[in-house]
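**Student:** Input: one structure, supplied below.
The values are calculated or read from the model by the stated rules, or taken from the named source; none is laboratory data. Bear in mind that the values here come from a model prediction, so they are computed numbers and not experimental data. When we count neighbours, we look across all protein chains shown, and the Cβ atoms used for this are built from the backbone with ideal geometry, even at glycine. Keep in mind that these areas ignore ligands, DNA and RNA; they rest on the heavy atoms of the full protein, side chains included. Shrake-Rupley method; radii C 1.70, N 1.55, O 1.52, S 1.80 Å.
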Amino acid sequence: MPSTKQYGTAGPANEAIGGIPTIHYLDFASRGRGQVVRLMWEDAGIAYTDVRYSFEEYPDSKKTVIAEKNPTTNVPVVEINGKILTQSYAMLRHFARQLGEYDGKTEEEKYWADAMCDIAVDWRTQFVNAFFHPQKEETYPKHQQTERVRFLNAFETHLTRHELSRPGPYVLGPTVTYADLVLYQVLHDENLTQEGMKGLQDYPRLRQLADAVERRPNVKAFRESERYLG
Ligand SMILES: N[C@@H](CCC(=O)N[C@@H](CS)C(=O)NCC(=O)O)C(=O)O
C-alpha cells in the first residue's frame, strides 16, 4: 500500500486551483519531477495529499492504479476534484495560470520562463538517462563531466546575459516563476545545492537563484519540516 499523508490547511490558493489536489509519485525522498509540483504547492500555500509508492510496490501499481489514471503509465499523476492531470510541466503551467503567478505577466516574460524551463527539462532527461542507466558507474560520471557542464554553463550565461534575468535573483529578475522551481530541483537532484551549494561555486548566478529559492519563507519552512525528505 502506498503511504498517504495530508499536508497544510486549505486556503485561497486551493480555491484558485479548484480544491485539494492529490499527488501520486514515487517515494523518492525530495527528488524528481513530482517534487517540483510539491515545491510549487508548498510555496503557494496549497494544502495537498501526498501519495507515495515505494520502489518495491511501484511496478505493480504502474500496471494497475497508475495505468488506470494515466495512459502513459508514469508519475506524477495529480487528481483534483475528480479531474486527472498528467505531465508535470503542463501541470506547473496550469497551476501558474490558475494562481495568476509563477509564469510572468507579459508574453516576453512567459516565453522566457518557458524557454528556461525547457532547457531544464532537457537537462533532467539526460541526467535521468545517465543516473538510472544499467552502467551508471560509467554513464553518470561521463554525464557529470560533459552534458552537465554544458547545461550549467548555458544557464549561467543565459541568467547573466538575458535582460529579463540579469537583475536577478530569479529567471524573471525579482519575480519567481515555475521555471525557477524546475531549475532549482534539477540542481538539487544533481547534488549541486547540498553542502552549502558546493557544486555551484563556479556558477555564481545559478547559486544566487538556488539560494533565493531556498530562502523563500514557505520553501524554507518546507525544507526544515519533517515532510522534507532531503
Ligand atoms: N514527461 C513526463 C515524464 C514522466 C516520467 O518519466 N516520470 C518518471 C518519474 S520522474 C516515472 O514515472 N518513472 C517510472 C515509470 O516510467 O514508470 C512528466 O513530466 O510528467
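**Student:** Return the total of residues in the stretch 1-17 being in contact (Cβ under 8 Å) with a residue 40 or more places away in the chain and in a loop (DSSP other than H, G, I, E, B).
**Tutor:** 3
**Student:** Determine whether SER54 is modelled with pLDDT of 95 or more and closer than 18 Å to TYR184 by Cα.
**Tutor:** Criteria not met by SER54.
**Student:** Shifting gears a bit: Identify the residue in the stretch 36-93 that is outside any helix (DSSP H, G or I) and of a type in the set (Lys, Arg) and, among all such residues, is surrounded by the fewest Cβ atoms within 10 Å (Cβ to Cβ).
**Tutor:** LYS83
**Student:** Now a separate question. State which residue pairs qualify: first residue within 12 Å of the ligand (Cβ to nearest atom) and inside the stretch 18-32, second residue among the basic types (Lys, Arg) and open to solvent by less than 10 Å² (accessible area, probe 1.4 Å) in any location, beta carbons under 7 Å apart, and separation of 6 or more residues or different chains.
**Tutor:** So the pair list comes out as ILE23/ARG38.
**Student:** Out of all the residues in the stretch 176-187, which are under 17 Å from LYS105 (Cα atoms) and touching a Lys or Arg at 6+ places or on another chain (Cβ under 8 Å)?
**Tutor:** VAL176, TYR178
**Student:** If you don't mind, there's one more thing I want to ask. With respect to ALA120, is the statement that it is among the small types (Gly, Ala, Ser) and open to solvent by 50 Å² or more (accessible area, probe 1.4 Å) true?
**Tutor:** In short, no.
**Student:** Now for a different question. Against the condition within 10 Å of the ligand (Cβ to nearest atom) and modelled with pLDDT of 95 or more, how does THR72 come out, does it pass?
**Tutor:** yes
For (1) under 22 Å from THR177 (Cβ atoms); (2) within 12 Å of the ligand (Cβ to nearest atom); (3) without any contact (Cβ under 8 Å) to a residue 12 or more places away in the chain, each residue gets a yes or a no:
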site	(1), (2), (3)
TYR48	yes, no, no
GLU79	no, no, no
THR86	yes, yes, no
HIS94	yes, no, yes
GLN98	yes, no, no
LYS110	yes, no, yes
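Every residue, every condition in (1) more than 14 Å from the ligand (Cβ to nearest atom); (2) part of a helix (DSSP H, G or I), yes or no:
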residue: ALA115; (1), (2): yes, yes
residue: VAL121; (1), (2): no, yes
residue: PRO134; (1), (2): yes, no
residue: THR139; (1), (2): yes, yes
residue: LYS142; (1), (2): yes, yes
residue: GLU156; (1), (2): yes, yes
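**Student:** Among the residues of the stretch 77-111, write down those that are farther than 15 Å from TRP41 by Cα and not acidic (Asp, Glu).
**Tutor:** Answer for the stretch 77-111, where residues must be farther than 15 Å from TRP41 by Cα and not acidic (Asp, Glu): ASN81, GLY82, LYS83, ILE84, THR86, GLN87, GLY104, LYS105, THR106, LYS110, TYR111.
**Student:** Being at pLDDT 95 or above, among the small types (Gly, Ala, Ser) and under 21 Å from PHE95 (Cβ atoms) is the requirement here; does ALA212 meet it?
**Tutor:** Against the criterion (at pLDDT 95 or above, among the small types (Gly, Ala, Ser) and under 21 Å from PHE95 (Cβ atoms)), ALA212 qualifies.
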